[in-house]
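Before any comments, here is the structure.
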Amino acid sequence: DIDKSKRMKKELLDVELLVEDGKIVIFKLNNDKEFSVKFISNSIKNYGFTKEEFENKKLNFINLIYEEDLNIVRVAINAALKKDLPDFTFVCRAKNAANEIKWISCRTILIKNHSGEVIYFYGYINDITKIKVSEEDLKLEVASEVKKNREKDRLLIQQSKLAAMGELTGSIAHQWRQP
């Protein structure tokens, strides 16, 4: 177990070097009520926080999650625990240190002890804010185009009605002139 622990620490350091300046945050959380942080990569600085704030227990994982999305995270974790899943993924909003909202995708694996109890959650957070903003912009653009098309359809129907009324008026006028 000691060798395994040393290998795991070395692997974590290797991964840390890979993601240190990237947008991906690697974490290892304790399976407790607040999901306290056992390890978090330096790339948490992209959210305005320091690694020390988490490792010194000033902040925990729940502090990152936007309040309205806490239920999404809790449901995902509880479902993974109840169904004994090896991993799970969720998408939610997170807050940075300036209380700005970012969209994140989180993939997590469950680490169990020798008796099969989940003791850690090990995973990563990926900032997908640009993707979500693009999706929202696309939705707005599609809605705008649909509205324009409906307006055109309404105009065509109105013109069709007016043309039919014109033909009818012409027929009536013809009948009056030549009964």
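The values are calculated or read from the model by the stated rules, or taken from the named source; none is laboratory data. Quantities reported herein were computed from a predicted structural model and do not represent experimental measurements. Here the Cβ is made from the backbone with ideal geometry for all residues, glycine too, and neighbour counts use every protein chain on show. When the accessible area is computed, the model is the full protein with side chains, heavy atoms only, and any ligands, DNA or RNA have been set aside. Shrake-Rupley method; radii C 1.70, N 1.55, O 1.52, S 1.80 Å.
Structure summary
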| read-out | value |
| --- | --- |
| Residue match in the range 40-53 (condition: hydrophobic (A, V, I, L, M, F, W, C), in contact with a Phe, Trp or Tyr (Cβ under 8 Å, 6 or more places away or on another chain) and without any contact (Cβ under 8 Å) to a residue 60 or more places away in the chain) | yes |
| Filter result for Lys38 (under 13 Å from Gly123 (Cβ atoms) and either at pLDDT below 85 or in a strand (DSSP E or B) (or both)) | yes |
| Strands (runs of 3 or more DSSP E) (entirely within the range 54-132) containing at least 3 residues that are within 15 Å of Asn30 (Cβ to Cβ) and either of a type outside the set (D, E, K, R) or within 14 Å of the chain's Cα centre (by Cα) (or both) | 101-112, 118-127 |
| The range 62-87 residues that are more than 18 Å from Tyr122 (Cβ to Cβ) and at pLDDT below 90, paired with ones that are among the small types (Gly, Ala, Ser) and open to solvent by 40 Å² or more (accessible area, probe 1.4 Å) (beta carbon under 7 Å, 6 or more apart) | none |
| Members of the range 99-125 that are within 15 Å of Tyr66 (Cα to Cα) and either open to solvent by less than 70 Å² (accessible area, probe 1.4 Å) or charged (D, E, K, R) (or both) | Glu100, Lys102, Ile104, Ser105, Cys106, Ile125 |
| Selection count, the range 67-94, where residues are in contact with a Lys or Arg (Cβ under 7 Å, 6 or more places away or on another chain) and β-branched (Val, Ile, Thr) | 1 |
